[in-house]
Amino acid sequence: MTDFENAINVMTDLFSKDYQFALATCDNNIPSLRFVDTYFDGYAFYIVTYALSQKVRDIAGNSNVSLYSRRMYSFSGIADNIGHPLMPVNAQIRDTLTKAFEPWYFMHNDESDSNMCYLKIQPATGFFHKDGTGDRKSVV
C-alpha cells in the first residue's frame with residue numbers, strides 16, 4: 001500500500017462520520033473561524049450549510065480554507081460550493097450525508113429552501129494521527 005493509500009484509509013477511518021472541525025476562511029485578509037460538522041467521503045470533506053452564510057460568501061471570494069479539530073487534526077485545502085442537495089449531481093453525497101447526520105439533518109435543514117447547499121473541501125495538506133503515530137501529509 002502506498003503512503004497516499006494509507007493516508008486515505010486512516011482519514012476514512014477517522015473522519016467518515018459526523019466530525020466537528022473549526023473551519024477557517026478569509027475575507028479581505030480578515031480571518032474568520034467557526035465550528036462545523038463535516039463528513040469525509042473518499043477524498044474530500046463535506047459540510048451542509050446555507051449559501052447566504054458568511055462562510056460561503058468568504059469561500060466565494062477566497063477558496064483557500066483550513067480545518068482544525070480539538071484533537072489537533074488539521075487540514076488546508078480548497079473549498080467549493082457544489083450546490084443544492086437536491087441537484088442530481090449531489091444525489092449520492094446527499095444520501096451519505098443524510099445518513100451520517102441523521103440525528104439532526106432534517107431538523108436543521110430545509111431542502112425546500114433554494115439557498116441550502118453543500119461545501120466540498122478538497123484537502124491538499126494535513127496533520128492527523130492514529131494509534132500514537134502522526135505526520136504532516138500531502139493528501140492530494
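No lab work stands behind these numbers, since they all come straight from the coordinates. All figures in this text were calculated on a predicted structure; none of them were measured in a lab. Neighbour counts run over all protein chains shown; Cβ positions are idealised from the backbone, glycine included.
Please work out how much length the chain gains when fully extended from Met87 to Ala22, using 0.36 nm per residue of separation minus the C-alpha to C-alpha distance, in nm with one decimal. Walk me through the numbers before you get to the answer.
Details: separation 65, 0.36 × 65 = 23.40 nm, distance 2.70 nm.
Result: 20.7 nm gained on full extension.
As a size descriptor, the averaged projected area of the C-alpha convex hull of the chain was calculated at 8.7 nm².
FRET efficiency for the Thr96 to Ser63 pair, using the beta carbon distance and R₀ = 25 Å, is estimated at 0.65.
Remark on Asp41: its backbone amide H falls under 5 Å from those of Tyr46, a criterion applied only to residues 5 or more positions apart or on other chains, H modelled at 1.01 Å from N.
Can you put His129, His84, His108 in order, fewest other beta carbons within 10 Å first?
Working: His129 13, His84 17, His108 10.
Placing the least packed residue first, the sequence is His108, His129, His84.
Annotation: extensible slack from Thr12 through Gln122 equals 38.2 nm (criterion: 0.36 nm per residue apart, minus Cα-Cα distance). For region 21-32, 3J(HN,Hα) computed residue by residue from phi via the Karplus equation (6.51, -1.76, 1.60; θ = phi - 60°) reads 10, 7, 9, 9, 10, 9, 9, 6, 6, 10, x, 9 Hz, glycine and proline entered as x.
Region 1-55 gives an Rg/Rh value of 1.08, both radii derived from C-alpha positions and Rh following Kirkwood.
Within the chain, what's the longest stretch lacking chymotrypsin sites (Phe, Trp or Tyr not before Pro) that sit in DSSP loops with no more than 14 other Cβ atoms inside 10 Å? Free of exposed loop sites, the longest segment is 44-103. The 3J(HN,Hα) values that the Karplus relation (6.51, -1.76, 1.60; θ = phi - 60°) gives for region 45-51 are, in residue order, 9, 10, 10, 8, 7, 10, 4 Hz. Gly and Pro appear as x. Given a cut-off of 19 Å, what percent of all Cα-Cα pairs of region 39-111 lie beyond it? Counting pairs separated by more than 19 Å, the tail of P(r) holds 42 percent. Computed from backbone phi with θ = phi - 60° and the Karplus coefficients 6.51, -1.76 and 1.60, the 3J(HN,Hα) list for region 72-85 is 6, 7, 8, 9, 10, x, 10, 9, 9, 7, 8, x, 5, x Hz; x is used for glycine and proline.
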